[in-house]
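Have a look at the structure below, then the notes.
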Amino acid sequence: MAANTYSGEKMDKCTKLVEYLVNWYPDHARDLPWRKDTEPYHVWISEIMLQQTRVEAVKEYYKRFLKALPTIDALASVEDDYLLKLWEGLGYYNRARNLKKAAVAIVGDRNGAFPDTYEEILSLAGIGEYTAGAIGSICFDLPTPAVDGNVLRVYTRVMEEASNIDKQATKKKIREQLAKLYSKGQCGILTQSLMELGATVCLANGTPKCGECPLRTLCGAKEHDTWRQYPVRDGKKSRKREDKTVFVLRCRDRIAVRKRAGKGLLAGMWEFPNVEGILIEQQAADAASQWNTAPERMHRKLTYTHVFSHVEWRMTAYYLVCGQMCERFRWVTMEELEHEVAMPSAFRPFLDTLSHNAE
């Protein structure tokens, strides 16, 4: 445990913070599938899935993933296409690729045993300080805080900490301050209680539920009604907009798909053919003709906007019945699309419409 440098009133507040949270958590923790045990593999998978994804959305993905890949060895040996299909809909597909990369390293370097020190956990592909802290504290009772947005919000409000949390120096400072509060036997519950409080009580959007908060008598932001001021962050940057024309090409019982480049956004994922810019109907038909698909008729047009963290795709899709299957695309059945081909969320609305209106 790190040496404690808190003093006076602040030390008293921090001591009570730990006491109140540890007592509050058992009766208020949500019943989530990844909280059934502290198996490192399970905690690892859940923490990676929960990055940029809502808890409710993760539940079924988590269960399905562990059913298909119940061990680190299974993850290390899974085929990439099947792994991405299991991950389909969660987004940020490099998270899945890094899971396999880390699993291969664990199997090769440690005979399948998950590392039990913070430094070794942090060295694995796709694992940053937050995830390493979560696994270390929850699974191995290490004094390693997991500092994410929820935790930063709780800490800055309670302490009325005005430093900008988008700065790495601020995150490092808060992580070090929290580490001083960890003691043997309580590391996991303290980490999870901070997460839970930020997720269910000290809310990011809307008014925090201060009346339900175990820290309400300690919180500076509640006392001074300054919760709106915390945490302090940089202003949001505007997203880049990109227009695209998407082609949903059907030839008999087959649909055209292609694999994206191995680098960049959605690297290596399957997609419907598309081009930059928005084409009118005749231009879209001409483009399909140039691909030697012999388009016969257009039977649907659909628009959809998909928002990534840094870019917004505004898409117009044309559904074309074609007379031949050109070699530049892979032509798959609806069953293959549903069970084998991983299609990113950006293209799912077009696939879902196709599924519900199969001709």
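The values are calculated or read from the model by the stated rules, or taken from the named source; none is laboratory data. Bear in mind the structure is a predicted one, so any value in this text is a computation, not a measurement. Because the Cβ atoms are built from the backbone with ideal geometry, glycine has one as well, and the counts that use them run over all protein chains shown. What goes into the accessible areas is simple: the full protein's heavy atoms, side chains included, and nothing from ligands, DNA or RNA. Shrake-Rupley method; radii C 1.70, N 1.55, O 1.52, S 1.80 Å.
Can you name the number of the only condition in (1) within 19 Å of L32 (Cβ to Cβ); (2) open to solvent by 30 Å² or more (accessible area, probe 1.4 Å) that A162 fails?
Exception for A162: condition (1).
Restricting the first residue to segment 67-85 and requiring it to be surrounded by 13 or more Cβ atoms within 10 Å (Cβ to Cβ), which pairs with a second residue that is in a helix (DSSP H, G or I) and hydroxyl-bearing (S, T, Y) meet a Cβ separation below 6 Å and a spacing of at least six or different chains?
Hits for this filter: I72/Y41.
Residues that are open to solvent by 60 Å² or more (accessible area, probe 1.4 Å) and in contact (Cβ under 8 Å) with a residue 24 or more places away in the chain: list the strands (runs of 3 or more DSSP E) wholly contained in segment 286-359 that include at least 3 such residues.
Values: elements: 295-307, 311-322, 330-332.
Result: 295-307.
Residues of segment 214-226 being loosely packed, with under 11 Cβ neighbours inside 10 Å and without any contact (Cβ under 8 Å) to a residue 24 or more places away in the chain, which ones?
Of everything in segment 214-226, just one residue is loosely packed, with under 11 Cβ neighbours inside 10 Å and without any contact (Cβ under 8 Å) to a residue 24 or more places away in the chain, namely D225.
Among the residues of segment 241-261, is any farther than 24 Å from Y319 by Cα and either in contact (Cβ under 8 Å) with a residue 24 or more places away in the chain or open to solvent by 20 Å² or more (accessible area, probe 1.4 Å) (or both)? If you could, list the steps in order and put the result at the bottom.
Let us first name the residues in segment 241-261 that are farther than 24 Å from Y319 by Cα, namely none.
No, segment 241-261 has no match at all.
Look at P231 and say whether it is out of contact with any Lys or Arg (no Cβ under 6 Å at 6 or more places or on another chain) and open to solvent by less than 100 Å² (accessible area, probe 1.4 Å). Break it down stepwise before answering.
Values: out of contact with any Lys or Arg (no Cβ under 6 Å at 6 or more places or on another chain): no; open to solvent by less than 100 Å² (accessible area, probe 1.4 Å): yes.
No.
Give segment 236-261 a look and list any residue that's of a type in the set (D, E) and more than 30 Å from K167 (Cα to Cα), or say none.
The first filter runs over segment 236-261 and keeps only residues of a type in the set (D, E), leaving 242-243, 253.
Within segment 236-261, D243, D253 meet the criteria.
Conditions tested, residue by residue: (1) hydrophobic (A, V, I, L, M, F, W, C); (2) open to solvent by less than 50 Å² (accessible area, probe 1.4 Å); (3) closer than 30 Å to D37 by Cα.
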| site | (1), (2), (3) |
| --- | --- |
| I174 | yes, yes, yes |
| L194 | yes, yes, yes |
| E212 | no, no, yes |
| L266 | yes, yes, no |
| N274 | no, yes, no |
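Looking at T38, is it open to solvent by 40 Å² or more (accessible area, probe 1.4 Å), closer than 29 Å to W270 by Cβ, over 20 Å from the mean Cα position of the chain (by Cα) and modelled with pLDDT of 95 or more?
Values: open to solvent by 40 Å² or more (accessible area, probe 1.4 Å): yes; closer than 29 Å to W270 by Cβ: no; over 20 Å from the mean Cα position of the chain (by Cα): yes; modelled with pLDDT of 95 or more: yes.
Answer is no for this residue.
Give the residues of segment 14-28 that are within 20 Å of F140 (Cα to Cα) and either aliphatic (A, V, I, L, M) or open to solvent by 50 Å² or more (accessible area, probe 1.4 Å) (or both), sorted by residue number. First the steps, then the outcome.
Filtering segment 14-28 for residues within 20 Å of F140 (Cα to Cα) gives 18, 21-22, 25-26.
Hits for segment 14-28 are V18, L21, V22, P26.
Here is a list of conditions, (1) free of Cβ contacts under 8 Å to residues at least 40 places away in the same chain; (2) over 19 Å from W24 (Cβ atoms), and Q229 meets all of them except one; can you say which number that is?
Just one mismatch for Q229, condition (1).
Tell me which helices (runs of 4 or more DSSP H) are completely within segment 132-209 and hold 3 or more residues being in contact (Cβ under 8 Å) with a residue 60 or more places away in the chain and either touching a strand residue (DSSP E or B) at 6+ places or on another chain (Cβ under 9 Å) or among the aliphatic types (A, V, I, L, M) (or both), or say none if there are none.
Numbers: elements: 149-159, 168-179, 187-200.
In segment 132-209, 149-159, 187-200 are the helices (runs of 4 or more DSSP H) which contain 3 or more residues that are in contact (Cβ under 8 Å) with a residue 60 or more places away in the chain and either touching a strand residue (DSSP E or B) at 6+ places or on another chain (Cβ under 9 Å) or among the aliphatic types (A, V, I, L, M) (or both).
In segment 95-141, which residue that is among the aromatic types (F, W, Y) and open to solvent by 40 Å² or more (accessible area, probe 1.4 Å) is nearest to H42 (Cα to Cα)?
In the first step, residues of segment 95-141 are kept if they are among the aromatic types (F, W, Y); the result is 114, 118, 130, 140.
After this cut, where a residue has to be open to solvent by 40 Å² or more (accessible area, probe 1.4 Å) as well, the list is 118, 130, 140.
Numbers: Y118: 17, Y130: 16, F140: 13 Å.
Only one residue fits best here, namely F140.
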